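Please read the structure below before turning to the comments.
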Amino acid sequence: MNEILWTADIHLNFFEKDEIEQLAAKLDAPVVISGDIAEGHNFPELLALLASAAGVPVYFVLGNHDLYGITRDEARAQAANVPGATYLSNRDEPVALTDTVALVGTDGWYDCRNGSYDASNLELADFRRIKDLEYCDRHLRLTVFQRWADDDSLALVNRVEDALDAGYAEVYAVTHVPPVPMSSRHEEYSGLPFYSNFLLGGMLKVLASRYPEQFVTVLAGHTHRGGRKQLAHNLAVYVSESDYEVPVLQRIPL
């Protein structure tokens, strides 16, 4: 294996079956998807179709849209059983892409510790369409967000550390929500967006400082804008560019 294909926010629910098959025909290397595959009722079926038509390994985590119409636990249970695709949030051990490069991941969530959640007037569809959140007031939602984000942050950092301890020179950490604020199409509502994961960014910076000769690269999505931030000499965050019905595939040499 000398490269992977990486994408996020592909929203396959906007595609016809033949369009998914056309997308699959472009997939000539293992694929990594940083969440927002479709919605709760159809992401397993559509992802299975993509994986079957592509005939290459597919690795994925879930995004916020993948929970629409169901609960988070229901989405994760479905994700664990998608034929032909590996759900990284359900896997503690690293995926060996090469002898020196590993892949780990978890879904992730925004913890609202960056930006100003209290001052923002942004009302995301998440608040209405995810079953865990539909009867939560603003304060209770924040409690749920931070519990989800903190649990996933700890899981991802532990998986990265295990891969570094195993001797991998580079670890790709896949998640949906960026661990630092990135440019977003929602900035006009809230200034600095509140939907990044502050805790994850801080934990990864501490972890990277303990392994100065090894490299960690975060592959995230969610904002649709794309971008890159260097958090340390050996820690970088990449966010996939995307638009509805226009998936962006990026080749990453290994």
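Brief remarks on what is shown
Let's see how each residue does on (1) modelled with pLDDT of 90 or more; (2) more than 30 Å from residue 13 (Cα to Cα):
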position: 193; (1), (2): no, no
position: 197; (1), (2): yes, no
position: 200; (1), (2): yes, no
position: 206; (1), (2): yes, yes
position: 211; (1), (2): yes, yes
position: 221; (1), (2): yes, no
position: 233; (1), (2): yes, yes
position: 243; (1), (2): no, no
position: 247; (1), (2): no, no
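- Pairs where the first residue, in segment 234-254, is touching a residue at least 60 places away in the same chain (Cβ under 8 Å) and on the phi < 0 side of the Ramachandran plot and the second is assigned to a loop (DSSP other than H, G, I, E, B) and surrounded by fewer than 18 Cβ atoms within 10 Å (Cβ to Cβ), C-beta under 8 Å, 6+ apart: 240/248; 242/248; 249/26; 253/2; 254/1; 254/2; 254/98
- Given (1) buried (at least 22 other Cβ atoms within 10 Å of the Cβ); (2) assigned to a helix (DSSP H, G or I), index of the condition residue 49 fails: (1)
- Of all the listed residues (73, 132, 152, 66), the sole one being more than 13 Å from the chain's Cα centre (by Cα), closer than 21 Å to residue 43 by Cβ and assigned to a helix (DSSP H, G or I) is 73.
- Pair list, Cβ under 8 Å, 6 or more apart: segment 206-228 residue touching a residue at least 24 places away in the same chain (Cβ under 8 Å), other residue surrounded by fewer than 16 Cβ atoms within 10 Å (Cβ to Cβ) and acidic (Asp, Glu): 224/243
- Answer residue from segment 133-158, given it is of a type in the set (Asp, Glu) and free of Cβ contacts under 8 Å to residues at least 12 places away in the same chain and is surrounded by the most Cβ atoms within 10 Å (Cβ to Cβ) among those: 151
- Subset of segment 85-107 [within 18 Å of the chain's Cα centre (by Cα) and either part of a helix (DSSP H, G or I) or of a type in the set (Gly, Ala, Ser) (or both)]: 85, 88, 89, 90, 102, 105
- Residue check for residue 82: surrounded by 13 or more Cβ atoms within 10 Å (Cβ to Cβ), on the phi < 0 side of the Ramachandran plot and either of a type in the set (Lys, Arg) or part of a helix (DSSP H, G or I) (or both): no
- Answer from 117, 110 - the residue that is more than 21 Å from residue 42 (Cβ to Cβ), within 16 Å of the chain's Cα centre (by Cα) and assigned to a loop (DSSP other than H, G, I, E, B): 110
- Any chance residue 2 is at pLDDT below 95 and either in contact with a Ser or Thr (Cβ under 7 Å, 6 or more places away or on another chain) or within 26 Å of residue 170 (Cα to Cα) (or both): yes
- Any chance residue 56 is within 27 Å of residue 24 (Cα to Cα), touching a Ser or Thr at 6+ places or on another chain (Cβ under 8 Å), in contact (Cβ under 8 Å) with a residue 12 or more places away in the chain and surrounded by fewer than 21 Cβ atoms within 10 Å (Cβ to Cβ): no
- A single member of 126, 92 is touching a Leu at 6+ places or on another chain (Cβ under 7 Å), touching a residue at least 24 places away in the same chain (Cβ under 8 Å) and closer than 30 Å to residue 30 by Cβ, and it is 126.
The values are calculated or read from the model by the stated rules, or taken from the named source; none is laboratory data. Owing to the predicted nature of the structure, the values given are computational and were not obtained by experimental measurement. All Cβ positions, glycine included, derive from the backbone under ideal geometry; neighbour counts span all protein chains shown.
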